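Engineer: Supplied in structure tokens, the structure appears directly below.
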Amino acid sequence: MFQKFGYHFHAYQPGDIIYIHDGSGWDPIKYSERLSPVSLEIRDIEVKGRNWTRAVIKAYEYVDDTLLLLRKNSVSVDFEPFTLYMILEHKPKIYSQIVETLQNHVEVVPTVPFHPIMPHLSIFEQEILAKVSFDFYEPFIRDKSVVGFWLPENVITRKTAGIITEATEKKVVFLLDERQFIGLNIPQAKYSCNTYKCDGKTAFVFGRDHQLSDAFAFNTLDAEGLIRAVSEGRIDVFKENSGIPYLVFLSSDLEALLGNPQQLDKFLKWIRGLEERGVEAVNAVEFVRKKVSGEYRCLHGECSEQFKINVKDYSSWSDYYDLSIDGRTGDMRWTGVRREDNRVIHRWYKGEKVSQLWKFAFTKLFRELNRAVRFGVMDLIKKYSRADSNSIKEFLVRYARIFFREHYEYFDMDTSVDYVTKPVKDADPALTLKLGRIYYIMLLANHSCPRFWENIDTRVTFGNVIAISKALIELIELYMEENSERANFLLLEYMKLLAFPQLYYDYDLFRMKGLEGWETSEEAWFASLKSEVPNSRYNVVTRAALYAAKEDLPRDIRSAIESLYDLKQAVADTGHIPGEVHGRWENKEWCEHRGV
């Protein structure tokens, strides 16, 4: 057969951070984690962790063992950089094993640090994150002329794709979802090496078969059903008769291999069953390389602009497809608003309809807070140096080598202060490194996962708010030392986190239109923010901002806050994430923190 089969696994864990400790900026951040014991069952093994992140990190050892049983380069894998860094911190042995697998056995695909929705960030942040992506992955891709790229949640625009391709000299293959494509009606183009024109440069693009990907991830087909679905249900007769290799491409989170105790064995049986039927397993990036090099025969025009695919801006791989108007995915899952008609949507959670208006407010607020931190950092560097915006940008790219220092040192890459601060060398390193730390804590606050889930009260929302609060508070303290009025501005920005419910009025959210009408009502807004834990009446955004405040705000400011809020209710407990309820939690009612 000329049919090929490729699978990509996306590895990402946002962490269980509940507090970020003070630091000078000379070293990676230190943080405290949630204590909420949970276990996962893999084959006949129970993997226990002090929290969800630790349990999954331990489980990656078994996933790595499974990947090693596959034929070399049959699958591709990406690890979000902070996730890989956490593995290095908590389980160095597993990190070493994964690195060896990434170097020698699978196709490594770079991805963006901290897993933000890239098009939702400013151009400045996108350009920094794109460059850091390739720098972090340099040890794995330095000898490759064609590399894959995984955008968080596959949310893409031409502008974002252009920023990614401009950040490297290599040819880029974007791994997307077929529902993101516009005008894919030519039968022979399916499963081919297609191109994507993105902001002046040309990249390659593959779209996963979402039905088969979901069938594996959500266990709607057994191994035999999966084998037949590919080897019989995805045949391209034209290419088979013409002797043209073609690729059936699938992808899912790496956690799909942990969905049930038998999932690892099921995947192995699937791959081996396909090989027995003559279907070769080849990852998508290697498939493109073989097409470009001529090792695989091409259709006339394949890999060129004749096989150009248009991709819908702001499309994704896991949107609320049932609400799609145009038959394509979008990003309403993370904005709470459908772009086509600007209607606020709702979803079902615990048997009730819940307005997703909170996602719109959360997105808008974090854009404001990101901007406040960015300009606060840049203006303070400019005050004490001759650095322009491009020099500051280069410094912030290089600061990744301090934030992820142990990773870079593992590969003997330069992590010296002289290297990192060279673009802003006329400023005091003590100041610039502190500002680099603040900027990266802000980036850490932009994980996409809080807005992925229907309920706001989750451990991931708490983590994002903890990080942005810490960045703002440290910046406030620096500007207080400067006797600058900007400290007052930054404090007001932080107060928006405490007063998150008030944004309904400040942002005129009541003027927006709902899908059914009620989604933008005052009642719907406050219902969506309701606390899910028994020991705090505060919503999770307020709760997390207070949790940071009681430790880090200057004493006089904290005293003023205490007159408005009860700090005893600033607890790290949250509601559970719906996608994690299959774990064996010691506390099934809520995601607690068993702190002092």
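The values are calculated or read from the model by the stated rules, or taken from the named source; none is laboratory data. The structure displayed is predicted, hence computed values, not measured ones. Reconstructed Cβ throughout: ideal geometry from the backbone, glycine too, with neighbour counts over all protein chains shown. With ligands, DNA and RNA removed, areas are computed over all heavy atoms of the protein, side chains included. Shrake-Rupley method; radii C 1.70, N 1.55, O 1.52, S 1.80 Å.
Engineer: Enter the mean projected area of the convex hull around the alpha-carbon atoms of the chain, in nm², rounded to one decimal. List each step's numbers first, then the result.
Structural biologist: Numbers: hull surface 103.9 nm².
Mean shadow area of the hull around the Cα atoms is 26.0 nm².
Engineer: Find, among the GluC sites (Glu not before Pro) in region 154-220, those assigned to loop by DSSP (not H, G, I, E, B) with at most 11 other beta-carbon atoms within 10 angstrom. Walk me through the numbers on the way to the answer.
Structural biologist: Numbers: sites: GLU166, GLU169, GLU178; in loops: GLU169.
Sites meeting the loop and neighbour criteria: GLU169.
Engineer: On to the next question. Compute the angle between helix 540-552 and the longest alpha-carbon principal axis of the chain, please, reported from 0 to 90 degrees and rounded to the nearest 10.
Structural biologist: Tilt relative to the chain: about 60 degrees.
Engineer: With a/c under 1.5 counting as rounded, go ahead and sort region 512-596 into rounded, prolate or oblate using the C-alpha gyration tensor (a ≥ b ≥ c being the square roots of the eigenvalues; past the cut-off, prolate if a/b is larger than b/c, else oblate).
Structural biologist: Working: a/c = 2.90, a/b = 1.18, b/c = 2.45.
The shape class here is oblate.
Engineer: Using only the Cα atoms of region 242-362, build the gyration tensor, take square roots of its eigenvalues as a ≥ b ≥ c, and label the shape rounded, prolate or oblate: rounded if a/c is under 1.5, else prolate if a/b is larger than b/c, else oblate. Please list the in-between numbers first.
Structural biologist: Values: a/c = 3.51, a/b = 1.53, b/c = 2.29.
Because a/c hits 1.5 or more and a/b fails to exceed b/c, region 242-362 counts as oblate.
Engineer: I'd like the carbon and sulfur percentage of the solvent accessible area for region 82-140, probe radius 1.4 Å, heavy atoms only, ligands and nucleic acids excluded.
Structural biologist: Carbon plus sulfur share of accessible area: 48 percent.
Engineer: Compute the label zone of TRP518 within region 307-347: residues whose backbone N is under 18 Å from the point 7 Å along Cα-to-Cβ.
Structural biologist: Output list for this probe position: 344-347.
Engineer: Next up: Just to be sure I understand the model, the point goes 7 Å from the Cα along the line to the Cβ. What's the resulting PHE510 to ARG50 distance in nm?
Structural biologist: Taking the two extended label points, one gets 4.6 nm.
Engineer: Which GluC sites (Glu not before Pro) in region 295-375 sit in a loop by DSSP (not H, G, I, E or B) and have at most 15 other Cβ atoms within 10 Å of their own Cβ?
Structural biologist: Values: sites: GLU295, GLU302, GLU305, GLU340, GLU352, GLU368; in loops: GLU295, GLU302, GLU340.
Here the sparse-neighbourhood loop sites are GLU295, GLU340.
Engineer: Let me ask something additional. For ASN219 and LEU69 in the same chain, what is the full-extension length gain: residue separation times 0.36 nm, less their Cα-Cα distance, in nm?
Structural biologist: On the way: separation 150, 0.36 × 150 = 54.00 nm, distance 2.15 nm.
Full-extension gain reported as 51.8 nm.
Engineer: Still on this structure, I have one more. Pairs of alpha-carbon atoms within less than 8 angstrom and 6+ residues apart define the contacts here; what relative contact order does region 338-537 have, in percent?
Structural biologist: Working: 222 pairs, mean separation 56.0, N = 200.
28 percent.
Engineer: Between ARG584 and LYS30, what is the label-point separation in nm under the 7 Å Cα-to-beta-carbon projection?
Structural biologist: Here the modelled spin labels are 3.4 nm apart.
Engineer: For region 318-377, just run the numbers: alpha carbon Rg, then divide by 2.2 N^0.38 Å, N being how many residues it has. If you can, show how the numbers build up before the last one.
Structural biologist: On the way: Rg = 14.0 Å, N = 60, 2.2 N^0.38 = 10.4 Å.
Cα-based Rg divided by the globular estimate yields 1.35.
Engineer: A further question on this structure: What GluC sites (Glu not before Pro) in region 429-519 are in a loop by DSSP, with at most 15 other Cβ atoms within 10 Å of the Cβ?
Structural biologist: Working: sites: GLU454, GLU474, GLU477, GLU481, GLU482, GLU485, GLU493, GLU516, GLU519; in loops: GLU454, GLU482, GLU485, GLU516.
Answer in residue order: GLU482, GLU485, GLU516.
Engineer: With equal scatterers on the alpha carbons only and no solvent term, can you work out the Debye log10 of I(q)/I(0) for region 360-463 at 0.22, 0.25 1/Å?
Structural biologist: The calculated log intensity ratios at q = 0.22, 0.25 Å⁻¹ are -1.08, -1.25.
Engineer: Enter the angle in degrees (range 0 to 90, nearest 10) between the Cα long axis of helix 263-276 and the first principal axis of the Cα atoms of the chain, meaning the one along which they spread out most.
Structural biologist: So the inclination is approximately 30 degrees.
Engineer: Relative contact order for the chain: what is it in percent, counting Cα pairs under 8 Å that are at least 6 residues apart?
Structural biologist: Working: 1114 pairs, mean separation 102.4, N = 596.
Across the chain, relative contact order equals 17 percent.
Engineer: Per residue, how much accessible area does region 481-548 have with a 1.4 Å probe, in Å²? The partial results should precede the final answer.
Structural biologist: On the way: 3310 Å² over 68 residues.
I get 49 Å² per residue for region 481-548.
Engineer: Grab the DSSP H runs of the chain that are 4 residues or longer, score each as -39,500 (n - 2.57), total them, divide by all residues and round the 222 nm result to the nearest 500 deg cm²/dmol.
Structural biologist: Details: 24 runs with 254 residues, N = 596.
Here the helix-only value at 222 nm equals -12500 deg cm²/dmol.
Engineer: Over region 194-346, what percent of the accessible surface lies on carbon and sulfur atoms, probe 1.4 Å? Let's see the in-between values first.
Structural biologist: Details: 2720 of 5980 Å².
Within region 194-346, the accessible surface is 46 percent carbon and sulfur.
Engineer: Compute the angle between helix 52-68 and the longest alpha-carbon principal axis of the chain, please, reported from 0 to 90 degrees and rounded to the nearest 10.
Structural biologist: 20
Engineer: Tell me which cysteines of the chain come out unpaired when the rule is another cysteine's Cβ under 4.7 Å.
Structural biologist: CYS198, CYS298, CYS449, CYS591
Engineer: Could you tell me the largest-minus-smallest coordinate of the C-alpha atoms of region 338-537 on each of the three principal axes, in descending order and whole angstroms?
Structural biologist: 57, 42, 40
Engineer: At 1.4 Å probe radius, can you tell me the per residue accessible area of region 58-100 in Å²? Could you put the intermediate results ahead of the total?
Structural biologist: Working: 1430 Å² over 43 residues.
Heavy-atom accessible area per residue stands at 33 Å².
Engineer: Leaving out ligands, DNA and RNA, what percent of the accessible area of region 406-490 is carbon and sulfur, probe 1.4 Å? Please report the intermediate quantities before stating the final value.
Structural biologist: Details: 1270 of 2690 Å².
Within region 406-490, the accessible surface is 47 percent carbon and sulfur.
Engineer: Send over a whole-number figure in Å² for the accessible area per residue of region 149-265, probe 1.4 Å. Don't jump to the answer; show the numbers that get you there.
Structural biologist: Numbers: 4010 Å² over 117 residues.
With the other protein chains kept in place, region 149-265 gives 34 Å² per residue.
Engineer: By the gyration tensor of its Cα atoms, with a ≥ b ≥ c the square roots of the eigenvalues, what is the shape of region 406-454: rounded for a/c under 1.5, prolate for a/b over b/c, or oblate?
Structural biologist: Details: a/c = 4.27, a/b = 1.68, b/c = 2.54.
In terms of gyration-tensor shape, oblate.
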